[in-house]
1. If you check residue B:444 against the conditions, is it part of a loop (DSSP other than H, G, I, E, B), closer than 30 Å to residue A:519 by Cβ and within 11 Å of another protein chain (Cβ to nearest Cβ)?
2. Taking strands (runs of 3 or more DSSP E) that do not extend beyond the stretch A:107-218, which have at least 1 residues that are modelled with pLDDT under 85?
3. Hey, among the residues in the stretch B:28-51 that are out of contact with any Lys or Arg (no Cβ under 7 Å at 6 or more places or on another chain), more than 18 Å from residue B:165 (Cβ to Cβ) and surrounded by 16 or more Cβ atoms within 10 Å (Cβ to Cβ), which one's modelled with the lowest pLDDT?
4. Would you confirm whether any residue within the stretch A:109-117 is more than 13 Å from chain B (Cβ to nearest Cβ), over 28 Å from the mean Cα position of the chain (by Cα) and more than 24 Å from residue B:393 (Cβ to Cβ)?
5. Residues of the stretch B:465-499 being touching a residue at least 60 places away in the same chain (Cβ under 8 Å) and either of a type in the set (Val, Ile, Thr) or more than 8 Å from chain A (Cβ to nearest Cβ) (or both), which ones?
6. Look through the stretch A:308-322, keep the residues that are under 15 Å from residue A:357 (Cα atoms) and touching a residue at least 60 places away in the same chain (Cβ under 8 Å), and return whichever of them is surrounded by the fewest Cβ atoms within 10 Å (Cβ to Cβ).
7. Quick check on my filter: what residues within the stretch A:118-154 are more than 13 Å from chain B (Cβ to nearest Cβ) and under 35 Å from the mean Cα position of the chain (by Cα)?
8. In the stretch A:86-101, which residue that is assigned to a strand (DSSP E or B) and farther than 14 Å from residue A:129 by Cβ is modelled with the lowest pLDDT?
Amino acid sequence: MKYLHNLLSALLLVVTLNSFAQEYKFGKVSKEELLEQSYAEDSLAHAAILYESRNVYIDYNQSQGFQLMTEVYKRVKLYKKNGFDYATDEVFLYKKNSENEKVVGLKGVTYSLINGEVVKTKLKSEGIFKNEYSEFYDQVKFTMPSLQEGSVIEYKYKIISPFLSNVDRIYLQYQIPIKKINVELQFPEYFRFKKFTSGYLPVNLKESSKLDKVTITSKTRTGGDLREPVKSTTTRDVIDFKTIVNTINSSNVPAFKIEPYSGNIKNYISSISYELSHVDFPNRPIKYYSTTWGDVTKTIYSSTSFGDELKKKNYYAEDLKTIVSRSENETTRLAKVYSYVKNRMNWNGKYSVRTNIGVKKAYKEKTGNVAEINLMLASMLSSVGLDANPVLVSSSNKVVTLFPTLDGFNYVIVRVKLADGSLAYLDATDKYGLPNVLPDRVIRGSGRVIAKNGTSQSVNLRPKEPSVDRYIIQCQIDKEGVVNGKFNVRHMSYLAHDFRRMYGVKENEIKAERFKTKYEIDEIEEYAVKGVNEYGKGVSESFNFISFDQIELIDNEMYFSPLLFLRDKENVFKSNEREYPIDFAYGFTNKYMVNIKVPEGYEVAEYPKSGAFKLPDNMGGFSFRSILTNGMIQIMVNETINTPFLPSTSYPVIKQFYAQLVEKENEQVVLKKI
Amino acid sequence: MKNSSLKLLVVFILLAFSKVFSQETINLQVANIDSTLTRGANAVVRSKEMVIEINSINSMTIKTKRIVTVLNKFGDGYANSYEYYSPSTKIKKLEAIIYDATGKEIKKYKKKDFKDRSYYDGISLMNDDRIKYIEHTAISYPYTLAWESEVEHSSTAFIHSWNPILAYKLGVQKSSYKILNATSIPIRVKESNFDNYAIIQNKTDHEVSFQIANVPPRQPEVLSPSYQEMTPRVKVALNDFSLEGVRGSGNDWKSFGKWQYDKLLSGRNELSQETITAVNTLVANAETDKEKAKLIYEYVQDKTRYISLQLGIGGWMPFLATDVDRLGYGDCKALTNYTKALLDSQNITSYYTIVYAKERRDIDAEFASMQGNHVILNIPYEDEEIWLECTNQTTPFNFIGDFTDDRNVLVVKPEGGVIKRTKKYEAEENILNTVATINLKADNSMTATLKRTSQGLQYDWNYNVQYEEPKDQKLHYKKKWGYVNNLEVNAVKPTDDKDTVMFTEDVEVSCTSYTKKVGNRLLLMPNVFSCDQSTLPKYKDRRNSLVISRGYVNTDQYIIDLPKGYALGNLPEKKTIETEFGKYTYELEKVSESQIKFKRFLKIIDGVFPKEKYEEYRKFRAQIKKIDKSRIALKQ
């Protein structure tokens, strides 16, 4: 009875499918699809994914064991020549040790309408290229033949992977629209995956389960000694288990558009990722990969390339004794250990939460990846009695993780909790870094501090206070309208960090030259810079200047902006709308103070009045003060952005803020002859 | 006398030292480098020796010893070294040692320590070159890399040329180059840009050598000749050679071109009867060969796309025309050969042409060797030379733009190679003409309708905007006129006439705050759409000649309606600047009390000028920039 019921519902399902949806089968491209001139929902699209299916499942096979299979099938319409890039696709195949992923069954066909006839051209081996892409990836790239505007291409392939935890991130959105996409993932109940999504589009995920079984055949040999001939018996074991099925069906997915100043766009495109959290076979202990933050902590602390590395102390113990003693106060100990590691170690540019050559070897060779350098730092800080813990970080080029997962992290820094409760974040890979001044790749990412006792907590790595640039100009205007004077700027905190990173080792000439270009000043003399190597302090730059065309003479009157070349001339935000957040990296304040001596024989006829305006929610503000005394014009301006990361909903106010700021800073002083 | 004995003493002391330390240790000390080599440098080549042994027509060994001191992080690239290999190139020896500033060894890389990967250029679908490399992380600056390699090549068509001054900001203490020719094949050598450099040279039948020493680093300067034109180099070629297993010979372009035609091109232009029939139909109504060629060119643009493939001899030989016909894609060689094949089917003569694309560089007319990085097609038509860029799907027929204009190219004819020069676009042909009607209101707002037409190279510089999405087109104009705060772009209509090569942009813009009120004055900048925004740096001591690579003419004419309630005072006088680099005029004319006319003319003439002229040119542009943004004041 129950069987009948099942059969009936299965039949019903088939019927429903047929009556509602167009069937997408390899080789069944319709003439309508070929005739289609543009994509209905987005007439500008150069190409569109008409259909994509992606089936991911774990298969058991007696000789290979469990394998992860990914079957991909795509049908793509190419409306315009500009869309032909979508006729080339690539598959990355992971390899590690002697195991590697394989792609099989790659088939492709181009369909074109020529004189009303459907012409098919098959993808042949001449259009398929295998490359070694990097140390860990091979690449199979293929390009479809015989394209013309209006062609439809289809291709399918299957990836067989021995790496069960490596489910590739599944994209549910592309830079071209998707008409229909079906994703199905099937995993035996033994394998538990965590999933997390990215992007702003809703993900229509459905979960169900079904019963499955696998038959294992085993041969037992008996005998073979002098008295009995060899005899083998074959036994078959049938194992029943449950399969968890996840399906995602979407249609009419809009194209993803890239916008400037968005930070990492990978965070905004719609996708889903699966990470193996634990494996639970009957009658065997559960093997955890990750599932709660506690488990993530446990996994990482018990791993040889993290927890074990953190425990090692012998390799540096002797050296460290000569650097610092436990009797010194905690800030001194922190500063000494941090400087020691920062100066000794040289980052090789590699990101990882795990060590590669190991802390000991890295220490000896004075070079290592992020984990080697910062785990070494954490270990040394702990060994001198400080409360130091590693902080796992998704750096700026990694998708931000909201769910417990290890795979989401690719970077590690250190947090020290001082006796007064204050916190210091440290990254010794950055030669220009300081406690709480971290490189861009870190502050634009997100972090999670993890302690040995299994507790963890997410942390915001952006600085709390805006960094300040303070500009002072003292100058005079002569009767010809030539301006000469002294310029001074002091960069603090993150702005000093940026200066050191970009110009620290460059010659003074080049440092001075950039002002000439940026401000279009004619002459710069006596350029001097202070504090480049005094970490923890600001950097000051000063010079004398002459500028010939700041002042415009019209009908014997002088016109100019009192901020002179310091004024913002253009609003960087030009688009009318924006879909993604605005990322300034860190908050900042520009303070300008300009004193201008009016030439003899002239008086101030007009000058901009004081004024101020603010962004909502304390996001930032602008103030402009002008004072006129004894032939001197004094201007004080403060431009501040407090919130470095703003949602796209704030875009209109930010654009407006900058438009107003540019207007105010370009208001004119008029000097007329007495 | 006294002086020379002192010198002698120093030599003795040095000799005595070298017994204790190795000679190399002393050489490696950074402190020994003369400050003229380190000032303004990111790295210094301490010594480089390259010895090329030509063993036979298909065997050549290159032995390189190189010692480079890296002074700061910007010089790290000189330490990240690699050597290519491929089926025709074998690495015999590879070793690198890193020394600290005092000359103490800190790390040694043996052949097995090198990383190995495919040379993935990011463009090609496929490439069979591989590299062995080191990725050194500096642990302090300065440091020194000593590199030694030995590589055997079975191709002798390319002989590594000598470019001792590899890059800007690189000092060269010593660099030498030697070719040992053990064969009886004649070798040709050509030196260029040796003036102003002290180079020791020695040439015999079987040995050629060059040496240079103590060259201070060069600094980059804008509007300079290309690097190849300024620094010494030596080109070398064998009269008989082998290229990926294909034998070749040639001592001038005629014979070299003939070899290329016979071995690499000939017989690759066959087409199926079906395709020929299709082409016959395509051109049936065309009267002249030029019209036919245009139809064929557009047919190729429509049918094919560009894809890069670099494999063995395939890197030099186009794939068959029938393959392109079937697959619909190919690289520059394949697409050019395919176009040629289609033209051949109509008995229209065309020639496969080798060129250096992008940065202007000549194929050396006087020295036949493997040169160039791109291929185009040449059709001699009556008195005209037609040039076709076959890898671009949007460019008009017989329009090569600044990608391959005005340079020497190798035209490969069946009877041999010939050097020709591609089309030069004269200043007068490169026209950008802007007309606008601008309406100003008393509330500071502005609305304007403008039409820009581009021809010649200006077409090349502007026409791509039509392929952008409307949202990005608007952004394009907002950026172009970024100096206008609060600019809104309301409408954009591009019109492309590929037959006459003219691109027209009709744009409507508005702005809420174009003019500025200051008391009873209203400030306005009449030049709304053509403010020069470039800035040329000032050099204390310019070293390179001034190169203005392309000339052009920009004209502007706007009718400006003034806001009500303001009186027009005296208009500034017409400004004219005439120099040998071009001419500029700026003119305001009163049409009525409420209307003015703005006229601007700028002609820039291309050419090469002595270095002293740079400052004059900079001033010319600075003056233009200042006048461009000048304003007038209206009073209430």
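1. Criteria met by residue B:444.
2. The qualifying strands (runs of 3 or more DSSP E) are A:128-132, A:137-143, A:191-198.
3. B:28
4. Yes, some residue in the stretch A:109-117 is more than 13 Å from chain B (Cβ to nearest Cβ), over 28 Å from the mean Cα position of the chain (by Cα) and more than 24 Å from residue B:393 (Cβ to Cβ).
5. Residues satisfying the conditions are B:498, B:499.
6. Top of the filtered list is A:312.
7. A:152, A:154
8. A:96
The values are calculated or read from the model by the stated rules, or taken from the named source; none is laboratory data. Worth saying up front: this structure is predicted, and the values here are computed from it rather than measured. Using ideal geometry, Cβ is built from the backbone for each residue, glycine included, and neighbour counts are taken over all protein chains shown.
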